[in-house]
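Student: My structure is below; once you've seen it, I'll send some questions.
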């Protein structure tokens, strides 16, 4: 299975760290964020990663190369300007870079112990996303999840983890313009074609200095060695 790894964002909340280094290359331990992601994807059977890049994208290419150090192949999908989440995925699909259907989407700034082998996409679903308890930075959450189905309810909501399995058709039409992912997820949820997996284990959206500091401390203590 192919994976699209979303690494185009500037990381505004992590400035000034991200003024000269892309967020995906901020290090946890001795490994950049995106490196942790790639190693985890490789362990779960991903052999080809499509990395979308924009802000300081050349630095990401130089750091990751062809992916051989992570045991998989990397191809790049540059954007100028950045096209947001759905827009970036559509561009990679329109370029013919994604070979598998379905395929995995994983944010480059998300670390977790999600068991990707248990995240199965059923025939009647357009996508399956991972949901987690709401972090302090996102207390209202995104979606409700009942009996494995995602609902756009206002109560008992969980947070989209930045990890999901999608059919290529989920993103049609492949218009080449900036577009967020949320409206597509809302549409699939209303049509009862969006499955959900609730993850109660470890998960971090490395988007703030607080989370980055927490992970750096955990890495020094060896608490991330099994990720």
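The values are calculated or read from the model by the stated rules, or taken from the named source; none is laboratory data. The shown structure was predicted, so the numbers you read here are calculated from the model rather than taken from an experiment. Note: ideal-geometry Cβ built from the backbone for every residue, glycine included; neighbour counts use all protein chains shown.
Residue-wise test of (1) crowded, with 19+ Cβ neighbours inside 10 Å; (2) in a strand (DSSP E or B).
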{"site": "13", "(1), (2)": "no, no"}
{"site": "19", "(1), (2)": "no, no"}
{"site": "38", "(1), (2)": "yes, no"}
{"site": "41", "(1), (2)": "yes, no"}
{"site": "49", "(1), (2)": "yes, yes"}
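Student: Whether any residue in segment 114-133 is over 23 Å from residue 193 (Cα atoms), in contact with a strand residue (DSSP E or B) (Cβ under 6 Å, 6 or more places away or on another chain) and touching a residue at least 24 places away in the same chain (Cβ under 8 Å) is what I want to check.
Tutor: Taking every residue of segment 114-133 in turn, none turns out to be over 23 Å from residue 193 (Cα atoms), in contact with a strand residue (DSSP E or B) (Cβ under 6 Å, 6 or more places away or on another chain) and touching a residue at least 24 places away in the same chain (Cβ under 8 Å).
Student: From 218, 205, 225, which residue is without any contact (Cβ under 8 Å) to a residue 24 or more places away in the chain and either in contact with a helix residue (DSSP H, G or I) (Cβ under 6 Å, 6 or more places away or on another chain) or under 20 Å from residue 116 (Cα atoms) (or both)?
Tutor: Going through 218, 205, 225 in turn, the sole match is 225.
Student: Test of understanding: among 153, 109, 101, which residue is touching a residue at least 24 places away in the same chain (Cβ under 8 Å) and surrounded by fewer than 22 Cβ atoms within 10 Å (Cβ to Cβ)?
Tutor: Going through 153, 109, 101 in turn, the sole match is 101.
Residues are listed down the side, and each one gets a yes or a no for (1) out of contact with any helix residue (DSSP H, G or I) (no Cβ under 7 Å at 6 or more places or on another chain); (2) assigned to a strand (DSSP E or B); (3) at pLDDT 95 or above:
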{"residue": "61", "(1), (2), (3)": "yes, no, yes"}
{"residue": "69", "(1), (2), (3)": "yes, no, no"}
{"residue": "77", "(1), (2), (3)": "no, yes, yes"}
{"residue": "81", "(1), (2), (3)": "yes, no, no"}
{"residue": "89", "(1), (2), (3)": "no, no, yes"}
{"residue": "105", "(1), (2), (3)": "no, yes, yes"}
{"residue": "114", "(1), (2), (3)": "yes, no, no"}
{"residue": "128", "(1), (2), (3)": "yes, yes, yes"}
{"residue": "140", "(1), (2), (3)": "yes, no, no"}
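Student: I'd like to check something: does segment 119-126 contain any residue that is under 25 Å from residue 225 (Cα atoms), at pLDDT below 95 and within 17 Å of the chain's Cα centre (by Cα)?
Tutor: The answer is yes; a qualifying residue exists.
Residues checked against (1) modelled with pLDDT under 95; (2) under 25 Å from residue 15 (Cα atoms); (3) touching a strand residue (DSSP E or B) at 6+ places or on another chain (Cβ under 6 Å):
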position	(1), (2), (3)
167	no, no, no
171	no, no, no
175	yes, no, no
180	no, yes, no
194	no, no, yes
211	yes, yes, yes
223	yes, no, no
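Student: List the number of the failed condition for residue 93; all other conditions in (1) modelled with pLDDT of 95 or more; (2) closer than 20 Å to residue 34 by Cβ; (3) crowded, with 17+ Cβ neighbours inside 10 Å hold.
Tutor: Among (1) modelled with pLDDT of 95 or more; (2) closer than 20 Å to residue 34 by Cβ; (3) crowded, with 17+ Cβ neighbours inside 10 Å, residue 93 violates only (2).
Student: Pick from segment 174-202 the residues that are in contact with a helix residue (DSSP H, G or I) (Cβ under 8 Å, 6 or more places away or on another chain) and assigned to a loop (DSSP other than H, G, I, E, B): which of them is surrounded by the fewest Cβ atoms within 10 Å (Cβ to Cβ)?
Tutor: Among those that are in contact with a helix residue (DSSP H, G or I) (Cβ under 8 Å, 6 or more places away or on another chain) and assigned to a loop (DSSP other than H, G, I, E, B), it is 177.
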